[in-house]
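> Provided herewith is a single structure, encoded as structure tokens, for subsequent inquiry.
The values are calculated or read from the model by the stated rules, or taken from the named source; none is laboratory data. If you're wondering where the values come from, they're calculated on a predicted model, not measured in any experiment. Cβ: placed from backbone, ideal geometry, glycine included. Neighbour counts: every protein chain shown. Accessible surface areas use protein heavy atoms only, side chains included; no ligands, DNA or RNA. Shrake-Rupley method; radii C 1.70, N 1.55, O 1.52, S 1.80 Å.
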Amino acid sequence: MKHLPVLLSLPLLFTALPALSDSAESFGRAQTDKNSYEAQREWRQRNSNSVQLQQVILPQPDGRPRSSDEVQAEHEQKLKAMLGKWDDGRTAQQMSDDRDRADADAVNQWVRDEYPKFIRKARKLVLKGEDKWQSFLAELDRNERNYLESGSVVVRDSPMADFGYELYAGDGKHPGETEKALLVWKRGSGIDDMWSAYALGMYEEGKGTPEGLAQALQYYQECYTRKTTMFSARNACRLKVIRAHAFGLGTPVNPGHAAELLKRMRQDEEGLFNPRRSLRSKPWADAIMLGALMNRLGIGMPRNEDYARNLLRTAVLPESPDSWRLLTALLRAGGDIEDKAVSWNLLKQAYVAGHTDVGGEMALKLLAGEGVPADVDGAYALAMSQAGLDPAVTARLARGLMAAAPAKAVALLDRHALPEDGELQAMLTEARAAAR
């Protein structure tokens, strides 16, 4: 019984042992942390001056220890070099930009002050002997040569081509000088001015003879195949080549080749047939009209008049300077755009601007009252004022006038029906019978 208290205390002892063990362990960790902290504090105290650079010793390439002062000085030198290099790069870019601006300013000043004198000199020397002309060309730098080929201001085609047109047409007081114009165009073509080559082709084509057409085709072919940056001139010449093969102008008729050339043109000139991307492109409008004509007539492709009219109709955009030409072609193909008022306004704007060859189409709209109030007398007066009318337009006008005023139809046909046009001559006989 004397051991009973001890036995009763054993459960309590077993219960307390884990707590005592945890306390001991905690105490041990605390002591270790204290020792570690003390060790770290002593290390910091011992090395409180270790940041002093002179105490860091590094080996030199020659084996001599290198102080931290030397290392720091080396780093500072490298940093200065890097900053200097960056500044030099920035300065070089600034200098490059300044040079570009100065060059552009110099070019603009040259164009403003010297270009007119340069062109006057070129116009004078191009009419001189071959030796003087070649000597002048040899003195030109690349920019001057470019200005001479294509111009640096708004010109009709190019400086040499424009000068040739002026000589060919005369000035009202003096008659045209054909030989001088041809000389200018030939020398222009010789310096890769393709508009001059185009002008030579137009001159030969205007003769209307087989020899002239064949010579014109040679000029167009040379212009089209020559490597030049004057893409508008190349496209204009390429269209002439296509038309020549389609209709046998200066070469045997070859509709398949014409169609292939037209297809290749559409592939080569991305966007050429896209009106939204080529609003200001005259070759684009010409290509549309030629493509529509070949589809209408079935040249090198199945005949498809509906497709031809739709091609033209889609291309007529009021914001395009060439819309009136496309609209005229569409009207002559028996079509029109949906908005008749817009159609009339396009024709009127072209007429006011001097393109009086739309007068026949305007007369038809006046006669029918399409987009404008009907005016038979106005339509008749406008048609009679034209120097010439398309035979199809003449026939439609005469047919419309026969119902309203047969006498006016007779007068119209007397003026515009060619003696060799059997259809219009038959209509004239009909109109005379109706006017009695």
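> Give segment 375-412 a look and list any residue that's of a type outside the set (A, V, I, L, M), touching a helix residue (DSSP H, G or I) at 6+ places or on another chain (Cβ under 8 Å) and over 20 Å from ALA433 (Cβ atoms), or say none.
Just the residues of segment 375-412 that are of a type outside the set (A, V, I, L, M), to begin with: 375, 377-378, 380, 385-386, 388, 390-391, 394, 396, 399-400, 406, 408.
From what is left, the residues that are touching a helix residue (DSSP H, G or I) at 6+ places or on another chain (Cβ under 8 Å) are 375, 378, 380, 385-386, 388, 390-391, 394, 396, 399-400, 406, 408.
Matches in segment 375-412: ASP375, GLY378, SER385, GLN386, GLY388, ASP390, PRO391.
> State yes or no: is ALA404 among the hydrophobic types (A, V, I, L, M, F, W, C), surrounded by fewer than 16 Cβ atoms within 10 Å (Cβ to Cβ) and either touching a residue at least 12 places away in the same chain (Cβ under 8 Å) or within 20 Å of GLN425 (Cβ to Cβ) (or both)?
Numbers: among the hydrophobic types (A, V, I, L, M, F, W, C): yes; surrounded by fewer than 16 Cβ atoms within 10 Å (Cβ to Cβ): yes; either touching a residue at least 12 places away in the same chain (Cβ under 8 Å) or within 20 Å of GLN425 (Cβ to Cβ) (or both): yes.
When the stated conditions are applied, ALA404 passes them.
> Starting from segment 366-390, keep only residues that are over 23 Å from ASP421 (Cβ atoms) and free of Cβ contacts under 8 Å to residues at least 12 places away in the same chain, then list their pairs with residues that are among the aliphatic types (A, V, I, L, M) and open to solvent by 50 Å² or more (accessible area, probe 1.4 Å) whose Cβ atoms are within a distance under 8 Å, requiring at least 6 positions of separation or different chains.
Every condition considered, the pairs that remain are ALA374/ALA368.
> In addition: Step by step: first the residues of segment 171-191, then only those that are surrounded by 13 or more Cβ atoms within 10 Å (Cβ to Cβ) and not in a helix (DSSP H, G or I), then the one that is modelled with the highest pLDDT. Which residue is that?
The residue in question is GLU177.
> If you scan segment 363-387, which residues turn out to be open to solvent by less than 50 Å² (accessible area, probe 1.4 Å) and of a type in the set (Gly, Ala, Ser)?
Across segment 363-387, the qualifying residues are ALA363, GLY369, GLY371, GLY378, ALA379, ALA383.
> Now for a separate question. I need the full set of residues from segment 192-224 which are of a type in the set (Gly, Ala, Ser) and in a helix (DSSP H, G or I), in order please.
Selection gives SER196, ALA197, ALA199, GLY201, GLY206, GLY212, ALA214, ALA216.
> For SER196, all conditions in the list (1) closer than 20 Å to PHE118 by Cβ; (2) more than 28 Å from the chain's Cα centre (by Cα) hold save one; what is the number of the exception?
Evaluating SER196 over (1) closer than 20 Å to PHE118 by Cβ; (2) more than 28 Å from the chain's Cα centre (by Cα) leaves (2) as the failure.
> While we're here: Of the conditions (1) closer than 17 Å to GLY371 by Cβ; (2) in contact with a Pro (Cβ under 8 Å, 6 or more places away or on another chain); (3) of a type outside the set (Asp, Glu), ILE337 satisfies every one except a single condition; which number is it?
Checking ILE337 against (1) closer than 17 Å to GLY371 by Cβ; (2) in contact with a Pro (Cβ under 8 Å, 6 or more places away or on another chain); (3) of a type outside the set (Asp, Glu), the one that fails is (2).
> Follow-up question, since we're still on this one. Could we say that LEU83 is modelled with pLDDT under 75, out of contact with any strand residue (DSSP E or B) (no Cβ under 9 Å at 6 or more places or on another chain), surrounded by 10 or more Cβ atoms within 10 Å (Cβ to Cβ) and in a helix (DSSP H, G or I) here? If you could, list the steps in order and put the result at the bottom.
Working: modelled with pLDDT under 75: yes; out of contact with any strand residue (DSSP E or B) (no Cβ under 9 Å at 6 or more places or on another chain): yes; surrounded by 10 or more Cβ atoms within 10 Å (Cβ to Cβ): yes; in a helix (DSSP H, G or I): yes.
Yes, satisfied.
> Go through segment 345-362 and report how many residues are surrounded by fewer than 20 Cβ atoms within 10 Å (Cβ to Cβ) and of a type in the set (Val, Ile, Thr).
Number satisfying all stated conditions: 2.
> While we're on this one: Considering segment 132-170 alone, what residues qualify as being more than 33 Å from the chain's Cα centre (by Cα) and either at pLDDT 90 or above or within 14 Å of ARG120 (Cα to Cα) (or both)? Let's see the steps before the verdict.
Initially, segment 132-170 is screened for residues more than 33 Å from the chain's Cα centre (by Cα), giving 132-135, 170.
The answer is LYS132, TRP133, GLN134, SER135.
> Let me ask another. Those residues that are free of Cβ contacts under 8 Å to residues at least 12 places away in the same chain and surrounded by 16 or more Cβ atoms within 10 Å (Cβ to Cβ), I need them from segment 111-150; list them, please. Spell out the reasoning first.
Taking segment 111-150 as the starting set, the residues that turn out to be free of Cβ contacts under 8 Å to residues at least 12 places away in the same chain are 112-114, 116-117, 120, 124-125, 128-132, 134-135, 138-142, 146.
Residue satisfying the conditions is LEU125 alone.
> Within segment 339-436, considering only helices (runs of 4 or more DSSP H) that don't extend past its boundaries, which have at least 1 residues that are acidic (Asp, Glu) and over 29 Å from LEU317 (Cα atoms)? Give the derivation first.
Numbers: elements: 340-352, 359-368, 376-384, 391-404, 406-416, 422-435.
The qualifying helices (runs of 4 or more DSSP H) are 376-384, 406-416, 422-435.
To keep it simple, each residue is scored yes or no on (1) modelled with pLDDT under 90; (2) among the β-branched types (Val, Ile, Thr); (3) under 15 Å from SER323 (Cα atoms); (4) part of a loop (DSSP other than H, G, I, E, B).
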| position | (1), (2), (3), (4) |
| --- | --- |
| SER232 | yes, no, no, no |
| THR251 | no, yes, no, yes |
| GLY256 | no, no, no, no |
| GLU260 | no, no, no, no |
| ASP286 | yes, no, yes, no |
| ARG303 | no, no, no, yes |
| ALA308 | no, no, no, no |
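> Right, here's the next one. Condition first: open to solvent by less than 60 Å² (accessible area, probe 1.4 Å) and under 25 Å from the mean Cα position of the chain (by Cα). Can you find one or more residues in segment 333-344 that meet it?
No, there is no match, as no residue in segment 333-344 is open to solvent by less than 60 Å² (accessible area, probe 1.4 Å) and under 25 Å from the mean Cα position of the chain (by Cα).
> What are the residues in segment 199-234 that are under 22 Å from the mean Cα position of the chain (by Cα), open to solvent by 10 Å² or more (accessible area, probe 1.4 Å) and farther than 20 Å from ARG142 by Cβ, if any? Working first, answer last.
Narrowing segment 199-234 to residues under 22 Å from the mean Cα position of the chain (by Cα): 223-234.
From the residues that got through so far, the ones that are open to solvent by 10 Å² or more (accessible area, probe 1.4 Å) too are 224-232, 234.
Scanning segment 199-234 gives TYR224, THR225, SER232, ARG234.
> Further, regarding this structure: Just for segment 314-324: of the residues that are surrounded by 22 or more Cβ atoms within 10 Å (Cβ to Cβ) and either among the charged types (D, E, K, R) or in a loop (DSSP other than H, G, I, E, B) (or both), which one is nearest to the chain's Cα centre (by Cα)?
Just the residues of segment 314-324 that are surrounded by 22 or more Cβ atoms within 10 Å (Cβ to Cβ), to begin with: 315-316, 322-324.
If we keep only those that are either among the charged types (D, E, K, R) or in a loop (DSSP other than H, G, I, E, B) (or both) as well, we get 316, 322.
Numbers: VAL316: 19, ASP322: 16 Å.
Per the criteria, the residue is ASP322.
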